[in-house]
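The values are calculated or read from the model by the stated rules, or taken from the named source; none is laboratory data. Predicted, not measured: the structure shown is a model, and the values here were computed from it. Note that each Cβ is placed from the backbone with ideal geometry, even for glycine, and that neighbours are counted across all protein chains shown. What goes into the accessible areas is simple: the full protein's heavy atoms, side chains included, and nothing from ligands, DNA or RNA. Shrake-Rupley method; radii C 1.70, N 1.55, O 1.52, S 1.80 Å.
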Amino acid sequence: MVLARFLPRDAQFFTLFREAAANAVETAEVLADMLATMEDVDRKARRLRDLEHRGDEITHQVFHSLNSTFVTPIDREDIRDLASQIDDFVDYIEEAGRRIHLYRIAERNDRATLFGKVLLEQAQILAEAVPRLEHSKERDRVLRYTVEINRLENEADDALSQALAVLYDGVEDIPALIKAIRWGELYQLLEDATDRAESVANTMEGIVLKNA
């Protein structure tokens, strides 16, 4: 253990985290555009699937490197958690797009568009924060980013409550009921995606505090 302190620490994990975060931004961009326009849904759903696969590849690279690296720049558990949680964030975003395609939702609405904006902003903040984990002088800034990601998750909580409160207003027949149920599932999935971003933020906060 004493020797390990003097061995070089493999920094490739931070490179992979940056790639994962950039992939999350692109995934959120595609979904936000889909929700804002509800146009060209087939192509965008395929693009989301490709990006989700890319996220899986990056996560596998992290785990492979973890298994072959003796000394890591941060705790192994933190590396595993951060990689998994970014991957989960992308998975939930992709699933929302897949559900839109599966349910053939064609009309846009302001509530869904708001969720898309929140997810994109969370992803962009995440991409700003992740590279700063590598530098101890930047870690206070990381904490400020995590607070903002959590604030956005709270905003999504409020948006979900408001959406569900009026979801069944005016529903008078079976087709309208089915439509409302599908929108309810989508709203919940979108809010769950913002929760995944909050999990990433909490892990980053833990890394910063642990390495202060």
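Would you mind telling me which numbered condition in (1) within 21 Å of E52 (Cα to Cα); (2) outside any helix (DSSP H, G or I) L126 fails? Looking at each condition in turn, L126 falls short on (2).
Restricting to the range 159-180, what's the tally of residues that are assigned to a helix (DSSP H, G or I) and either in contact with a Lys or Arg (Cβ under 8 Å, 6 or more places away or on another chain) or open to solvent by less than 60 Å² (accessible area, probe 1.4 Å) (or both)? Outline the logic, then answer.
Within the range 159-180, the subset assigned to a helix (DSSP H, G or I) is 159-165, 174-180.
Adding the requirement that they be either in contact with a Lys or Arg (Cβ under 8 Å, 6 or more places away or on another chain) or open to solvent by less than 60 Å² (accessible area, probe 1.4 Å) (or both) leaves 159-160, 162-163, 176, 180.
So the count comes out to 6.
Any residue at all in the range 113-127 that's open to solvent by 90 Å² or more (accessible area, probe 1.4 Å) and either within 22 Å of V30 (Cα to Cα) or in contact (Cβ under 8 Å) with a residue 12 or more places away in the chain (or both)? Steps first, answer last, please.
Within the range 113-127, the subset open to solvent by 90 Å² or more (accessible area, probe 1.4 Å) is 117.
Adding the requirement that they be either within 22 Å of V30 (Cα to Cα) or in contact (Cβ under 8 Å) with a residue 12 or more places away in the chain (or both) leaves 117.
Yes, some residue in the range 113-127 is open to solvent by 90 Å² or more (accessible area, probe 1.4 Å) and either within 22 Å of V30 (Cα to Cα) or in contact (Cβ under 8 Å) with a residue 12 or more places away in the chain (or both).
Just one of the listed residues (A83, A112, A96) is in contact with a Ser or Thr (Cβ under 7 Å, 6 or more places away or on another chain) and among the small types (G, A, S), and it is A83.
Checking each residue in the range 66-85 for being in contact (Cβ under 8 Å) with a residue 40 or more places away in the chain, open to solvent by 20 Å² or more (accessible area, probe 1.4 Å) and among the polar types (S, T, N, Q) picks out only Q85. Within the set of pairs 6 or more residues apart or between chains, which connect a residue that is within 15 Å of Y103 (Cα to Cα) inside the range 36-53 to a residue that is among the hydrophobic types (A, V, I, L, M, F, W, C) and surrounded by fewer than 12 Cβ atoms within 10 Å (Cβ to Cβ) with Cβ atoms less than 7 Å apart? Filtered contacts from the range 36-53: M38/A106. Kindly check whether there is at least one residue in the range 90-101 that is assigned to a helix (DSSP H, G or I) and under 20 Å from I207 (Cβ atoms). Scanning the range 90-101, I find at least one residue that is assigned to a helix (DSSP H, G or I) and under 20 Å from I207 (Cβ atoms), so the answer is yes. Scanning the range 42-65 for residues that are surrounded by fewer than 17 Cβ atoms within 10 Å (Cβ to Cβ) and among the β-branched types (V, I, T) turns up nothing.
Restricting Y145, Y168 to those that are modelled with pLDDT of 95 or more and among the hydroxyl-bearing types (S, T, Y) reduces the list to Y145.
Just one of the listed residues (N202, N154, N150) is more than 21 Å from G55 (Cβ to Cβ), within 13 Å of the chain's Cα centre (by Cα) and assigned to a helix (DSSP H, G or I), and it is N150. Taking each residue of the range 160-182 that is under 14 Å from A112 (Cα atoms) and looking for partners that are open to solvent by 90 Å² or more (accessible area, probe 1.4 Å) with beta-carbon atoms closer than 8 Å, six or more apart or interchain, yields Q162/R111; A163/R111; A180/Y168.
Select from the range 1-32 the residues that are open to solvent by 90 Å² or more (accessible area, probe 1.4 Å) and not in a helix (DSSP H, G or I) and write down the one among them that is modelled with the highest pLDDT. Taking the candidates together, the pick is R9.
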